[in-house]
Each structure stands twice: as structure tokens, then as C-alpha cells.
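Undergrad: Once you've had a glance at the structure underneath, I'll fire off some questions.
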Amino acid sequence: MNPKMQAMLMSYFRAAMATVIAMYMSGNTNPKALLAAGIAAVAGPLLKALDPKAKEFGVKTKDDYSK
């Protein structure tokens with residue numbers, strides 16, 4: 001796995017874990033709610049990865065490869 005992919009996956013993991021831990025520490029121990037929070041937390045980094053304008057993780061366009 002290349003370093004760029006590792007950085008992206010770590011970004012997803014940190015976002016999800018921080019959200020789940022914060023929710024758990026607030027007293028919500030419902031596994032379904034914790035799972036939903038973890039999935040929702042990944043939405044931000046995932047949307048960034050799908051954005052072609054995001055330089056570090058974004059989807060590449062044809063123009064990006066010609067440079």
C-alpha cells in the first residue's frame with residue numbers, strides 16, 4: 001500500500017475513532033448508535049477523497065496526469 005493511501009486511511013480511522021470515543025465517553029453505549037457515529041464521521045474524509053480539487057487525496061482528473 002502506498003504512503004498516500006495509508007495517510008488517507010489513517011485520516012478515516014482517526015475521524016471515526018475520535019467520534020466513537022467522544023460519544024462513548026458522553027454515556028451513549030448503544031452499539032448501533034456508536035457504529036452509526038463512526039460511519040458518519042468517515043463521511044467528511046470520504047467526500048474529500050472524492051473531490052478532484054483536493055490535492056492531497058482527491059480523485060485525479062485527466063489534466064492532473066498530463067502535468
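The values are calculated or read from the model by the stated rules, or taken from the named source; none is laboratory data. Because the structure is predicted, anything quoted here is derived from the model rather than measured. Cβ coordinates were reconstructed from backbone atoms using ideal geometry, including for glycine residues, and neighbour counts include every protein chain displayed. Side chains included, ligands, DNA and RNA excluded: accessible areas come from the protein's heavy atoms. Shrake-Rupley method; radii C 1.70, N 1.55, O 1.52, S 1.80 Å.
Undergrad: Taking a probe of 1.4 angstrom, what is the accessible area of Thr29 in Å², to the nearest 10?
TA: 80 Å²
Undergrad: Could you work out the local net charge near Gly38, counting Lys and Arg as +1, Asp and Glu as -1, over the other residues with Cβ closer than 13 Å to its Cβ?
TA: Numbers: positive: Arg14, Lys32; negative: none.
That works out to +2.
Undergrad: Now, a different point. At a probe size of 1.4 Å, how large is the accessible area of Ser26, to the nearest 10 Å²?
TA: 90 Å²
Undergrad: Okay, next question. Multiply the residue separation of Leu47 and Met10 by 0.36 nm, subtract the distance between their alpha-carbon atoms, and state the gained length in nm to one decimal.
TA: Details: separation 37, 0.36 × 37 = 13.32 nm, distance 1.50 nm.
11.8 nm is the gain from fully extending Leu47 to Met10.
Undergrad: Turning to a different aspect of this structure: How much accessible surface does Leu46 have with a 1.4 Å probe, in Å² rounded to 10?
TA: 80 Å²
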